[in-house]
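Everything on this sheet refers to the single structure shown next.
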Amino acid sequence: MLEGMQSWVYRVVCAAMLTAAAGSLTPPGTVRRLGQLTGSLVLLLALLSPLVSVDGEALARAMSEYHFPETRTEELGEANEALFQSLIEEESGTYISEQAAELGAACTVTVETRVQDDGYPVPWAVTITGDLDEATRQRLTRRIEAELAIPAERQTYRTEEGT
């Protein structure tokens, strides 16, 4: 950043010196006025040169950081993580319900997720509520273990009455 400023000041000073030298060496009259106009344009270009080389992405990033302070960014990150976690729970529950329907059982499913070391939520436990016979429970348990990696110990089956 400082190097860019130094370069800009150097260009402006050189343009000003060149314009002053050209103005003092030209004879009075129309030629001098044309020289002053040309020198003024060169000086103006030197002054505005940083605007030509603006990095649009860096400017957009700086503006977004200005409008969203760090605390707001953290809040948005936490909300995003919670939304992602609820989406995983919902999609996993829908998948298990579809698997149960393929086996001929109607049920409601509640999935609990846990965030792993890599930061991604994964299905951790499941509660299935509905009238499922023992054979259907066993087949569904095996499918859940194979497809979602939820072991049988973390799978809970309940009937509509609550047992």
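Quick notes on this structure:
- Answer residue from the stretch 24-37, given it is in a helix (DSSP H, G or I) and surrounded by 15 or more Cβ atoms within 10 Å (Cβ to Cβ) and is farthest from the chain's Cα centre (by Cα) among those: ARG32
- Residue, farthest from the chain's Cα centre (by Cα), within the stretch 108-137, restricted to residues that are buried (at least 16 other Cβ atoms within 10 Å of the Cβ) and part of a loop (DSSP other than H, G, I, E, B): LEU132
- Just one of the listed residues (ALA100, ALA105) is in a loop (DSSP other than H, G, I, E, B) and surrounded by 15 or more Cβ atoms within 10 Å (Cβ to Cβ), and it is ALA105.
- Criterion: touching a residue at least 24 places away in the same chain (Cβ under 8 Å) and touching a Lys or Arg at 6+ places or on another chain (Cβ under 8 Å) - qualifying residue of ALA46, ALA15: ALA46
- The residues on offer are SER49, SER40, SER64, and the sole one that is polar (S, T, N, Q), in a helix (DSSP H, G or I) and either at pLDDT below 70 or in contact with a Cys (Cβ under 9 Å, 6 or more places away or on another chain) (or both) is SER64.
The values are calculated or read from the model by the stated rules, or taken from the named source; none is laboratory data. In this text, all values refer to a predicted model and were calculated from it rather than measured experimentally. Backbone-built Cβ (ideal geometry, glycine too); neighbour counts: all protein chains shown.
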